[in-house]
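Visitor: Please read through the structure below; I'll follow up with questions.
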Number of protein chains: 2
Amino acid sequence: MKSEKISDAVVRRMPVYLRYLNELQNRDVMTVSSQELGQNLDLNPAQIRKDLAYFGDFGRKGIGYDVAYLIEKIRQILNLDQEISVALVGAGNLGQALSNYNMYLKDNMKIVAVFDIAEAKIGSQINYLTVQPITELPETVRNLGIRIGIITVPHWEAQRVADQLVEAGIQAILNFAPVILKVPAEVRVHAADFTTDLLSLAYYLDQGKESSNES
Amino acid sequence: MKSEKISDAVVRRMPVYLRYLNELQNRDVMTVSSQELGQNLDLNPAQIRKDLAYFGDFGRKGIGYDVAYLIEKIRQILNLDQEISVALVGAGNLGQALSNYNMYLKDNMKIVAVFDIAEAKIGSQINYLTVQPITELPETVRNLGIRIGIITVPHWEAQRVADQLVEAGIQAILNFAPVILKVPAEVRVHAADFTTDLLSLAYYLDQGKESSNES
């Protein structure tokens, strides 16, 4: 099923679908059409049908998608039918804020360890986790089967932390530091630099102005 | 130039190009090829050439792109040749972390005001800004010409804050709360929910495993 190369953009939309489907399930909604999905997620329904069709034939004409079945399928696609342990490196404001999200990370994904370099932070508690020295990273990654790392250290420490995560056997990194990390090809890095989001928003400011002038 | 509909994915890559070009300029590099850009940004060079060609004919065959010229052009594309004021709503850990990024927001974009609902936080200082009560939002937006809002409140407060930002005349919102916001069509919302990034990373875990089994 995963033999075809799926674009990153498609993969990134899967959790968005999943989140909305979970909402629907909480409201006891049984089926949903691509039109309704599109309307609520600000996406073209044809795009949604195409995205989901990469992974299988989930919808039924005239009825739409079975919510529970689609949730199960997307969870399988995203490997969320297995437990995924996450390490966070950097126990500053951002690290603390992210570990508060831990409760939203249902779906078997959990931050299970927090690391820092600064002596002052080691031993402190963040959301039931004790901040560990970075020197314990390799052992903890091995013991807890951690596969994903989150980097929330300052930009000048990010590459060194990435090297340590890779060395410890991490397979994927979510990087919040505003630098481009160099990692081996088999390690997947997503940049979560919020400045990119913010700068790209600026593009739409003038568009809005132009179109309101035109119309 | 902006009459053609440019996909959001293309727009979102522009700040990534800009960041790397700024790095090159700091290292006194004068020209760069799409190959080199691609190698450093983990993108297909043809994709980069296509992205930039949407906005104009910036490259020269056999020479590549003039770094300074391309920086200037991308800044124009993203409206960063004008000052863009940003308001942040939610002075918790995440809000504090984000305002620490303010120094990376060169390019005329700046967080100029911070708001919160909680009495306890109002009047406190975050990165030289005094946290204001949300009731002052409309006046401050008007006085400072704020056009973008960042939402870093808990998810159950996010929609109400979004409504207040829209009411106050904000044109674009970066939303960190893990909910889908309902806003008028002319307001642009980017979701910065990091759980989406994290969940989509999980997709690549098994792929890595599969390909290492295969090869």
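The values are calculated or read from the model by the stated rules, or taken from the named source; none is laboratory data. As the structure is a computational prediction, the values presented were derived from the model and not from experiment. Reconstructed Cβ throughout: ideal geometry from the backbone, glycine too, with neighbour counts over all protein chains shown.
Visitor: If you go through region B:23-47, how many residues are in contact (Cβ under 8 Å) with a residue 40 or more places away in the chain and crowded, with 16+ Cβ neighbours inside 10 Å?
Guide: 1
Visitor: Having 3 or more residues that are within 12 Å of chain B (Cβ to nearest Cβ) and modelled with pLDDT under 95 is the bar; report the strands (runs of 3 or more DSSP E) wholly within region A:100-205 that clear it.
Guide: By residue number, A:109-116, A:188-191.
Visitor: Let me ask another. Output the number of the condition that B:ASN22 fails; it satisfies all remaining conditions of (1) touching a strand residue (DSSP E or B) at 6+ places or on another chain (Cβ under 6 Å); (2) within 14 Å of chain A (Cβ to nearest Cβ); (3) among the polar types (S, T, N, Q).
Guide: (1)
Visitor: Could you say which residue among B:ALA46, B:ALA9, B:ALA68 is on the phi < 0 side of the Ramachandran plot, outside any loop (DSSP other than H, G, I, E, B) and at pLDDT below 85?
Guide: Within the list B:ALA46, B:ALA9, B:ALA68, the selection yields B:ALA9.
Visitor: Which condition does B:ASP81 not pass, out of (1) more than 14 Å from chain A (Cβ to nearest Cβ); (2) surrounded by fewer than 15 Cβ atoms within 10 Å (Cβ to Cβ); (3) among the charged types (D, E, K, R), if it passes all the others?
Guide: (1)
Visitor: For the structure I just gave you, tell me whether A:ALA97 is in a loop (DSSP other than H, G, I, E, B) and in contact with a Ser or Thr (Cβ under 9 Å, 6 or more places away or on another chain).
Guide: Criteria not met by A:ALA97.
Visitor: Right, another one. What do you reckon, is A:LEU70 within 30 Å of A:VAL112 (Cβ to Cβ) and in contact with an Asp or Glu (Cβ under 7 Å, 6 or more places away or on another chain)?
Guide: Answer is no for this residue.
Visitor: Select from region A:51-101 the residues that are of a type in the set (Val, Ile, Thr) and closer than 30 Å to A:VAL161 by Cα and list them in ascending order.
Guide: Of everything in region A:51-101, those that are of a type in the set (Val, Ile, Thr) and closer than 30 Å to A:VAL161 by Cα turn out to be A:ILE77, A:ILE84, A:VAL86, A:VAL89.
Every residue, every condition in (1) at positive phi; (2) under 21 Å from the mean Cα position of the chain (by Cα); (3) of a type outside the set (Gly, Ala, Ser), yes or no:
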position	(1), (2), (3)
B:ASN22	no, yes, yes
B:ASP28	yes, no, yes
B:GLU36	no, no, yes
B:PHE55	no, yes, yes
B:LYS73	no, yes, yes
B:GLN82	no, yes, yes
B:VAL86	no, yes, yes
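Visitor: Checking B:GLY59 against (1) among the small types (Gly, Ala, Ser); (2) at pLDDT below 90; (3) surrounded by fewer than 17 Cβ atoms within 10 Å (Cβ to Cβ): exactly one of these is not met. Which one?
Guide: (3)
Visitor: Among the residues of region B:31-51, what is the count of those that are in contact with a strand residue (DSSP E or B) (Cβ under 7 Å, 6 or more places away or on another chain) and among the hydrophobic types (A, V, I, L, M, F, W, C)?
Guide: Of the residues in region B:31-51, 1 are in contact with a strand residue (DSSP E or B) (Cβ under 7 Å, 6 or more places away or on another chain) and among the hydrophobic types (A, V, I, L, M, F, W, C).
Visitor: Looking at region A:48-75, which of its residues are farther than 21 Å from B:LEU201 by Cα and without any contact (Cβ under 8 Å) to a residue 24 or more places away in the chain?
Guide: If the condition is that a residue be farther than 21 Å from B:LEU201 by Cα and without any contact (Cβ under 8 Å) to a residue 24 or more places away in the chain, then A:ARG49, A:ASP57, A:PHE58, A:ARG60, A:LYS61, A:GLY62, A:TYR69 are the ones that fit.
Visitor: With surrounded by 14 or more Cβ atoms within 10 Å (Cβ to Cβ) and in contact (Cβ under 8 Å) with a residue 40 or more places away in the chain as the only criterion, which of A:ILE148, A:ILE126, A:ILE111 stands out?
Guide: A:ILE148
Visitor: Kindly indicate whether any position in region A:163-174 is within 17 Å of the chain's Cα centre (by Cα) and closer than 22 Å to B:LEU174 by Cα.
Guide: Yes: one or more hits.
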